[in-house]
Amino acid sequence: MERNRLSKKERHELILSEVRRSASIRISRLAMRLGVAGETIRRDLIELGDAGLLNRTYGGATISLVTSEPVIAERSQAVAELVRHPGWSARYDNSRSRGPVSR
């Protein structure tokens with residue numbers, strides 16, 4: 001019985017889902033899980049890495065910090081909401097917290 005082949009788009013979605021869930025992935029594990037050759041996964045990781053969606057590592061990939069941080073639009077919206085509240089101020093630092101900024 002032949003397994004249904006996943007499209008490249010489906011593979012990319014599964015790879016990104018896995019790396020977001022576990023923060024890092026191994027080529028060998030993904031190849032076994034998706035039923036494809038390791039070289040197929042390597043090519044997928046190159047494409048996803050070039051797109052800035054993950055960071056390639058030797059034998060795998062890790063989550064891209066750029067994609068895991070709030071986007072500028074989210075930060076701008078948070079600042080706009082703070083401006084509407086008297087006595088609140090906005091402060092940015094290099095942390096990854098998405099909670100209330102300051103009061």
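The values are calculated or read from the model by the stated rules, or taken from the named source; none is laboratory data. Only a predicted model underlies this, so the values are computations on that prediction, with no experimental measurement involved. Glycine gets a Cβ as well: all are built from the backbone with ideal geometry, and neighbour counts include every protein chain shown.
The residues on offer are R103, R75, R98, and the sole one that is exposed (fewer than 11 other Cβ atoms within 10 Å of the Cβ), at pLDDT below 90 and over 21 Å from L6 (Cα atoms) is R103. Listed conditions (1) surrounded by 13 or more Cβ atoms within 10 Å (Cβ to Cβ); (2) at pLDDT 60 or above; (3) not small (G, A, S) are all met by I46, apart from (1). Among all positions in segment 24-45, there is no residue which is out of contact with any Gly (no Cβ under 9 Å at 6 or more places or on another chain) and closer than 14 Å to I63 by Cα.
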